[in-house]
Amino acid sequence: MKKLKVQSGILKGKNIPAAITTTAKENFTPALLKKAVFSLLENFQLKGNIEKSDSVFADLFAGSGQMAFEAISRGFSRSVLFEIDPRRFSTLADGIARNMNYKIALFKRDSFRYYKNAISPEEKSVIFFGDPPYSFWENKIEDLHLLAEKIISINDKKIILIFQSPLNPDWKNFNSRKYGNHYLLIYSWFNSDN
């Protein structure tokens, strides 16, 4: 089992156990992209577009859970994770149990159908992050686009949606930024053209 570390905030340096799937794939969010995502969110906060302490961070394809732990460490009110792989889910559940003093919810559910479980009345903003398996960008790109459209149509919360992708699908209302061989596809409630 590989161990990842939280990069910044109150949990900086804390180990995050990360299960390898039954197909022996790791697929962790690269440090460069993790840093880029949280720099972007820090910038949104500095501009007054979100307040992390009033925002939930929802990881639609949790994998290792590193993005959710990073969000909690950096001041988000809570994190919600969706993971359907049994081995990864079990590792996440164990890791969350060891960190019960933080507000982290884990769902063994398909985020395509249950993404709204991340939303509660307490928070003003929801930041959805998606790093789906790369095969989805080949075989399920229409499903990913439909999920994105459903999420950005939520109108009673301030929504930010960030997808990590190996390609730029050029979706309407999304800004794409390239980092190495990866793209971040970014939608924000306050500026759909970013």
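The values are calculated or read from the model by the stated rules, or taken from the named source; none is laboratory data. Everything quoted here is computed from the prediction, not taken from an experiment. Backbone-built Cβ (ideal geometry, glycine too); neighbour counts: all protein chains shown. Accessible surface is based on the protein model in full, side chains and every heavy atom, while ligands, DNA and RNA are left aside. Shrake-Rupley method; radii C 1.70, N 1.55, O 1.52, S 1.80 Å.
Segment ASN49..ALA93, full-extension length gain: 12.6 nm, with 0.36 nm per residue of separation and the alpha-carbon distance subtracted. Note on GLU122: accessible area approximately 130 square angstrom, rounded to 10, probe 1.4 Å, nucleic acids and ligands left out. From most to least packed by mean Cβ count within 10 Å, the peptides 32-41, 126-135, 68-77 give 68-77, 126-135, 32-41.
Pairs exceeding a 19 Å alpha-carbon distance, out of LYS12/LYS35; LYS5/LYS158; LYS116/LYS172: LYS5/LYS158; LYS116/LYS172.
If you take the alpha carbon atoms of the chain and fit the smallest convex hull around them, that volume is 111 Å³ per residue. In the range 25-86, Rg over Rh equals 0.99, where Rg is the alpha-carbon radius of gyration and Rh the Kirkwood radius from pairwise Cα distances. Near LEU32, once Lys and Arg are set to +1 and Asp and Glu to -1 for all other residues with Cβ below 12 Å from its Cβ, the sum equals +4. What separates the Cα centres of the range 38-77 and the range 146-194 is a distance of 15 Å. Sorting GLU123, GLU142, GLU42 on solvent-accessible area from highest to lowest, probe radius 1.4 Å, gives GLU142, GLU42, GLU123.
Report, to the nearest whole %, how much of the accessible area of the chain belongs to carbon and sulfur atoms, 1.4 Å probe, protein only.
Heavy-atom surface of the chain belonging to carbon and sulfur, 1.4 Å probe: 48 percent.
The listed residues HIS145, HIS182 rank as HIS145, HIS182 when sorted by accessible area, largest first, using a 1.4 Å probe.
On full extension, the segment bounded by LYS14 and TYR114 gains 33.1 nm, given 0.36 nm per residue less the C-alpha separation. Note on LYS178 and SER153: their simple-model spin labels are 3.2 nm apart, each label 7 Å out from Cα toward Cβ.
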